[in-house]
Structures are given as C-alpha cells and as structure tokens.
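The values are calculated or read from the model by the stated rules, or taken from the named source; none is laboratory data. The model shown is predicted, which means the values in this text are computed figures rather than measured ones. Glycine also receives a Cβ, built like all others from the backbone with ideal geometry; neighbour counts cover every protein chain displayed.
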Amino acid sequence: MRLKDKVALVTGAGSGFGAGIARRFAEEGARLIVNDINAEGGTRIAKEVGGEFVQADVSKGADWAKLVGAATGRFGRLDVVVNNAGWTHRRKPYLEVSEAEFDKVYAINVKSIYLSALHALPAMKKQGGGCFVNIASTAGLRPRPGLTVYNSSKGAVILMSKSMAAEFGPDKVRVNCVNPVFSPETALSADFAGGAVTEEAKKAFLATIPLGRFSTPLDVANACLYLASDEAAMISGSCIEVDGARCV
C-alpha cells in the first residue's frame with residue numbers, strides 16, 4: 001500500500017474533494033486525522049475510513065495546535081498535511097464583494113496554509129521530514145470573472161506553496177499543490193455558479209474543459225495520493241492541474 005504507516009491530516013474532509021482524499025488515503029493504508037468544521041460530515045467520514053475526527057476552524061491557530069496535537073498524540077508523528085478546506089464568496093461583481101467576505105476568503109484559503117506549517121512543520125522537522133499537499137484551483141491560473149477575490153486567494157496558495165517548498169526543502173519537507181477545475185460535486189459549486197448549478201451553468205463550465213468532463217473527488221484524490229507517496233520523493237514546489245486541459 002502506497003501510504004502504509006503514514007499519518008495524514010486532511011482538512012475539510014467531511015464532504016467533496018476532502019472526503020474523496022480521506023477515502024483514497026485510507027485505501028492505501030494511511031492513518032487519518034479527519035478534520036472539518038461540520039461535525040456531522042466529519043464524523044461520518046472518519047467512521048467510514050477508520051480515522052479520528054477533530055472538529056476545528058482552520059483559520060485559527062489554536063485549532064491547528066489541536067489538530068497537530070491529535071495526530072502526534074495518537075500516532076506519534078505527522079507525515080502528510082492536506083490543506084483542502086476552502087471557501088468562496090458567491091460569484092458576483094467585484095464591487096459587490098464585502099470586506100467581511102474578502103477577509104473570510106483569505107482567512108480560510110490562505111491564512112490556513114500559513115497556520116498549517118506554523119504548527120506542523122516543527123513535528124515534521126523533528127521526525128526527519130514530511131509533506132504538505134495544498135489544494136489550490138485552476139482559478140489561480142485561469143481566473144473567471146466574478147470571482148476575483150477567490151481567484152487571487154488561490155493564486156496566493158500556488159505561490160506560497162512554491163516558496164514553502166524552497167524554504168522547507170533542507171528539512172526534507174516537500175510542498176506541492178493540486179489545482180482542480182470546477183466540480184458539481186463540491187459544496188462550493190453553487191457559489192461558483194452564482195446561484196443554483198443549473199444544466200445551463202454546467203454546460204457553460206463544461207465548454208471550457210477540453211476533456212469534456214468535470215473533475216471528481218477521485219481525480220483529485222489520486223493526484224494527492226501520488227504527491228503524498230514516496231513515488232513523489234523528488235517532487236516539491238510543483239502543481240498538478242486536475243483540469244482536463246482547462247489551463248492549457
């Protein structure tokens with residue numbers, strides 16, 4: 001199994017991409033800390049994959065201390081952090097995005113990455129290495145109108161991941177990111193669409209994806225699995241677009 005004996009923490013794992021990542025990691029032998037701010041979804045997935053659920057707000061440092069402490073306390077180490085939790089304002093004109101919405105997007109999408117390393121990196125350095133897989137988005141490379149603040153937050157995740165990789169490399173800590181394209185299977189899909197995910201909205205998104213289908217939780221999970229595994233031992237500072245050539 002590709003993650004046998006590895007301890008992985010997956011944020012936002014109560015649904016969507018995060019749930020898919022947790023399931024795929026469990027299939028490959030990982031011991032899991034399942035995080036979500038939603039206790040119902042997180043508990044359900046943790047039970048399904050045989051992991052431990054820890055409810056936490058990834059935009060808060062004290063909650064990250066709790067997450068990392070849960071991993072090291074139960075398993076004695078932390079090998080993989082998948083920063084999957086994310087949030088977006090509803091698709092709308094730039095001038096209609098409130099300051100509170102801006103702050104929330106950056107707190108959940110960007111500050112959480114900073115906090116994850118602040119708390120997990122010491123544990124990884126102590127044990128001789130580890131890796132972060134940050135879920136960014138094609139929005140950080142090929143932005144769509146109406147989502148400017150969200151787009152910019154994912155651009156920040158991409159650049160932050162590359163810089164973290166350069167800085168953490170001497171400590172044998174790898175950092176990569178995965179850029180999914182739009183998926184109707186995520187909780188944020190209605191906000192990306194600016195309302196209900198109608199058939200018309202799906203067709204509009206689909207028309208921008210050369211492979212002609214949306215990304216699925218399994219697609220994203222398989223990319224994360226590769227980056228978290230020893231097969232990617234020399235891969236750091238990279239981004240994998242799981243997008244059917246949307247960003248070409």
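Determine if segment 31-43 includes at least one residue that is buried (at least 21 other Cβ atoms within 10 Å of the Cβ), among the basic types (Lys, Arg), out of contact with any Leu (no Cβ under 7 Å at 6 or more places or on another chain) and within 18 Å of Ala8 (Cβ to Cβ). First the steps, then the outcome.
Filtering segment 31-43 for residues buried (at least 21 other Cβ atoms within 10 Å of the Cβ) gives 31-36, 42.
With among the basic types (Lys, Arg) added as a condition, the list becomes 31.
Now narrow it down to the ones that are out of contact with any Leu (no Cβ under 7 Å at 6 or more places or on another chain): 31.
Filter again for within 18 Å of Ala8 (Cβ to Cβ), leaving 31.
Yes, segment 31-43 contains at least one residue that is buried (at least 21 other Cβ atoms within 10 Å of the Cβ), among the basic types (Lys, Arg), out of contact with any Leu (no Cβ under 7 Å at 6 or more places or on another chain) and within 18 Å of Ala8 (Cβ to Cβ).
Could you tell me whether segment 115-132 includes any residue that is of a type in the set (A, V, I, L, M) and outside any helix (DSSP H, G or I)? Walk me through it before giving the result.
Filtering segment 115-132 down to residues of a type in the set (A, V, I, L, M) leaves 115, 117-118, 120-121, 123-124.
From the residues that got through so far, the ones that are outside any helix (DSSP H, G or I) too are none.
Scanning segment 115-132 turns up no residue that is of a type in the set (A, V, I, L, M) and outside any helix (DSSP H, G or I).
In segment 8-18, what residues are surrounded by 23 or more Cβ atoms within 10 Å (Cβ to Cβ) and either touching a Phe, Trp or Tyr at 6+ places or on another chain (Cβ under 6 Å) or under 15 Å from Gln55 (Cβ atoms) (or both)?
Matches in segment 8-18: Ala8, Leu9, Val10, Thr11, Gly12, Ala13, Gly14, Gly18.
Scan segment 233-247 and give yes if some residue there is assigned to a helix (DSSP H, G or I), more than 15 Å from the chain's Cα centre (by Cα) and not small (Gly, Ala, Ser), otherwise no.
Filtering segment 233-247 for residues assigned to a helix (DSSP H, G or I) gives none.
No; the residues of segment 233-247 include none that is assigned to a helix (DSSP H, G or I), more than 15 Å from the chain's Cα centre (by Cα) and not small (Gly, Ala, Ser).
Does Gly18 count as in contact (Cβ under 8 Å) with a residue 40 or more places away in the chain, closer than 23 Å to Glu231 by Cα, of a type in the set (Gly, Ala, Ser) and touching a Gly at 6+ places or on another chain (Cβ under 7 Å)? Write out each step before concluding.
Details: in contact (Cβ under 8 Å) with a residue 40 or more places away in the chain: yes; closer than 23 Å to Glu231 by Cα: yes; of a type in the set (Gly, Ala, Ser): yes; touching a Gly at 6+ places or on another chain (Cβ under 7 Å): yes.
Judged against the criteria, Gly18 is a match.
Please count how many residues of segment 84-103 are within 16 Å of Ala156 (Cα to Cα), touching a residue at least 12 places away in the same chain (Cβ under 8 Å) and surrounded by fewer than 18 Cβ atoms within 10 Å (Cβ to Cβ). Steps first, answer last, please.
Narrowing segment 84-103 to residues within 16 Å of Ala156 (Cα to Cα): 84-88, 102-103.
When the remaining residues are screened for being touching a residue at least 12 places away in the same chain (Cβ under 8 Å), the result is 84-88, 102.
Those still in the list that are surrounded by fewer than 18 Cβ atoms within 10 Å (Cβ to Cβ) too: 102.
Here the count works out to 1.
A quick yes/no check of all residues on (1) assigned to a helix (DSSP H, G or I); (2) over 20 Å from Phe132 (Cβ atoms):
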{"residue": "Phe17", "(1), (2)": "yes, no"}
{"residue": "Gly20", "(1), (2)": "yes, no"}
{"residue": "Phe25", "(1), (2)": "yes, no"}
{"residue": "Leu32", "(1), (2)": "no, no"}
{"residue": "Thr43", "(1), (2)": "yes, yes"}
{"residue": "Ala46", "(1), (2)": "yes, yes"}
{"residue": "Val54", "(1), (2)": "no, no"}
{"residue": "Ser59", "(1), (2)": "no, no"}
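Given Lys66, Lys47, Lys60, which one is free of Cβ contacts under 8 Å to residues at least 12 places away in the same chain, on the phi < 0 side of the Ramachandran plot and surrounded by fewer than 21 Cβ atoms within 10 Å (Cβ to Cβ)? Talk me through it step by step, then tell me what you get.
Values: Lys66 fails: free of Cβ contacts under 8 Å to residues at least 12 places away in the same chain; Lys60 fails: free of Cβ contacts under 8 Å to residues at least 12 places away in the same chain.
Going through Lys66, Lys47, Lys60 in turn, just one is free of Cβ contacts under 8 Å to residues at least 12 places away in the same chain, on the phi < 0 side of the Ramachandran plot and surrounded by fewer than 21 Cβ atoms within 10 Å (Cβ to Cβ): Lys47.
Could you check, for segment 213-227, whether at least one of its residues is more than 30 Å from Pro170 (Cβ to Cβ) and among the hydroxyl-bearing types (Ser, Thr, Tyr)? First the steps, then the outcome.
Looking only at segment 213-227, we keep the residues that are more than 30 Å from Pro170 (Cβ to Cβ), and these are 213-219.
Now restrict to residues that are among the hydroxyl-bearing types (Ser, Thr, Tyr): 215-216.
Yes, some residue in segment 213-227 is more than 30 Å from Pro170 (Cβ to Cβ) and among the hydroxyl-bearing types (Ser, Thr, Tyr).
Here is a yes/no grid of residues against (1) surrounded by 15 or more Cβ atoms within 10 Å (Cβ to Cβ); (2) out of contact with any Ser or Thr (no Cβ under 7 Å at 6 or more places or on another chain); (3) over 24 Å from Glu27 (Cβ atoms):
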{"residue": "Lys172", "(1), (2), (3)": "yes, yes, yes"}
{"residue": "Asn176", "(1), (2), (3)": "yes, no, no"}
{"residue": "Glu185", "(1), (2), (3)": "yes, no, no"}
{"residue": "Phe205", "(1), (2), (3)": "yes, yes, yes"}
{"residue": "Leu211", "(1), (2), (3)": "no, yes, yes"}
{"residue": "Tyr226", "(1), (2), (3)": "yes, yes, no"}
{"residue": "Ala233", "(1), (2), (3)": "no, yes, no"}
{"residue": "Ala245", "(1), (2), (3)": "no, yes, yes"}
{"residue": "Val248", "(1), (2), (3)": "no, yes, yes"}
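Would you be able to tell me the number of residues in segment 171-221 that are of a type in the set (D, E, K, R), assigned to a loop (DSSP other than H, G, I, E, B) and either over 20 Å from Tyr150 (Cβ atoms) or at pLDDT 95 or above (or both)? If you could, list the steps in order and put the result at the bottom.
Narrowing segment 171-221 to residues of a type in the set (D, E, K, R): 171-172, 174, 185, 191, 199-200, 202-203, 213, 219.
Filter once more, keeping what is assigned to a loop (DSSP other than H, G, I, E, B): 172, 185, 213.
Checking the rest, the ones that are also either over 20 Å from Tyr150 (Cβ atoms) or at pLDDT 95 or above (or both) come to 172, 213.
Total meeting the criteria: 2.
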